[in-house]
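Each remark here refers to the structure printed beneath this line.
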Ligand code: ADP
C-alpha cells in the first residue's frame, strides 16, 4: 500500500488544495493531510477548525484520506505514519524556489523520504489561502475558490474577529 502525506497550513482549504489531494490519490492508496499547528504563524482558523473543514470538503474520500494536526517536522510525521512520500502542489514557477529549498532540507533530515509534486488545474494556478482571505476581507465573491461551507466559515470567522 502506497501512503503519502500532504502537509500545509490550509488556512483555509481551497479548491487548489482539493485538486492536489485528488490527483495524489491517483498515485497513492492513502493520503494523510498534515495540518500544521504553528503557534508562531497565527492564521484565521485554528488547527482544529482547519482539520474539520478539510474533512468535510473531502468527505467522499474518507476511505483514503485521513486528516491530522501536526506538531512535528514533516519528515518525522511521515516516518511515524509509515508513509514514503511528501506531496506538494505547484502553482507557478514562483512556488519552485521555496519547494526546492524545502525538499532539499527535508532530504538532509531524512534521505529515505522523497517529495512528489503535482500541478494544479490551470484554473486554480493563481489560487492561495492568502488570496481567498484578502478577497473575503473586501467582501468579494468566494464561490470560485472555496466550497460553500468553507465560504460560510470564512464569513462567520471574519464577523467574529471584527
Ligand atoms: P504552505 O503554507 O506550506 O505553503 P499551504 O496550505 O498554502 O501551505 O499549501 C500546502 C501545499 O499546497 C503547498 O505545496 C502549496 O504549494 C499547495 N497549494 C496551495 N494552493 C494550491 C493551488 N491553488 N494549486 C496547487 N497547489 C496549491
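With respect to residue 39, is the statement that it is within 30 Å of residue 155 (Cβ to Cβ), in a loop (DSSP other than H, G, I, E, B) and more than 14 Å from the ligand (Cβ to nearest atom) true? Taking the combined requirement at face value, the residue satisfies it.
Of the residues that make up the stretch 90-97, is at least one within 14 Å of residue 15 (Cα to Cα) and within 15 Å of the chain's Cα centre (by Cα)? Among the residues of the stretch 90-97, at least one is within 14 Å of residue 15 (Cα to Cα) and within 15 Å of the chain's Cα centre (by Cα), which makes the answer yes.
Which of the residues spanning the stretch 92-124 are within 19 Å of residue 26 (Cβ to Cβ) and either away from the ligand (no atom under 14 Å from the Cβ) or not in a helix (DSSP H, G or I) (or both)? Reasoning before the result, please.
At the first step, the residues of the stretch 92-124 found to be within 19 Å of residue 26 (Cβ to Cβ) are 114-124.
Correct list: 114, 115, 116, 117, 118, 119, 120, 121.
Answer yes or no as to whether residue 36 is out of contact with any strand residue (DSSP E or B) (no Cβ under 8 Å at 6 or more places or on another chain) and within 21 Å of residue 82 (Cβ to Cβ). Criteria not met by residue 36.
Those residues that are in contact with a strand residue (DSSP E or B) (Cβ under 8 Å, 6 or more places away or on another chain) and free of Cβ contacts under 8 Å to residues at least 60 places away in the same chain, I need them from the stretch 62-74; list them, please.
Of everything in the stretch 62-74, those that are in contact with a strand residue (DSSP E or B) (Cβ under 8 Å, 6 or more places away or on another chain) and free of Cβ contacts under 8 Å to residues at least 60 places away in the same chain turn out to be 64, 65, 66, 67, 68, 69.
Residue check: residue 130 meets all listed conditions (1) away from the ligand (no atom under 12 Å from the Cβ); (2) surrounded by fewer than 16 Cβ atoms within 10 Å (Cβ to Cβ); (3) part of a helix (DSSP H, G or I) but one, namely (1). Taken over the stretch 75-115, residues that are within 24 Å of residue 128 (Cβ to Cβ), surrounded by fewer than 17 Cβ atoms within 10 Å (Cβ to Cβ), touching a residue at least 24 places away in the same chain (Cβ under 8 Å) and out of contact with any helix residue (DSSP H, G or I) (no Cβ under 8 Å at 6 or more places or on another chain) amount to 1. Does the stretch 12-19 contain at least one residue that is part of a helix (DSSP H, G or I), more than 13 Å from the ligand (Cβ to nearest atom) and touching a strand residue (DSSP E or B) at 6+ places or on another chain (Cβ under 8 Å)? No, the stretch 12-19 contains no residue that is part of a helix (DSSP H, G or I), more than 13 Å from the ligand (Cβ to nearest atom) and touching a strand residue (DSSP E or B) at 6+ places or on another chain (Cβ under 8 Å). For residue 148, the stated conditions hold: it is more than 10 Å from the ligand (Cβ to nearest atom), surrounded by fewer than 11 Cβ atoms within 10 Å (Cβ to Cβ) and either under 23 Å from residue 23 (Cα atoms) or without any contact (Cβ under 8 Å) to a residue 24 or more places away in the chain (or both).
Just so you know, all these numbers are worked out from the coordinates, no wet-lab data involved. Please read these numbers as outputs of a predicted model, since none were measured by experiment. Every residue, glycine among them, receives a Cβ derived from its backbone with ideal geometry; neighbour counts consider all protein chains shown.
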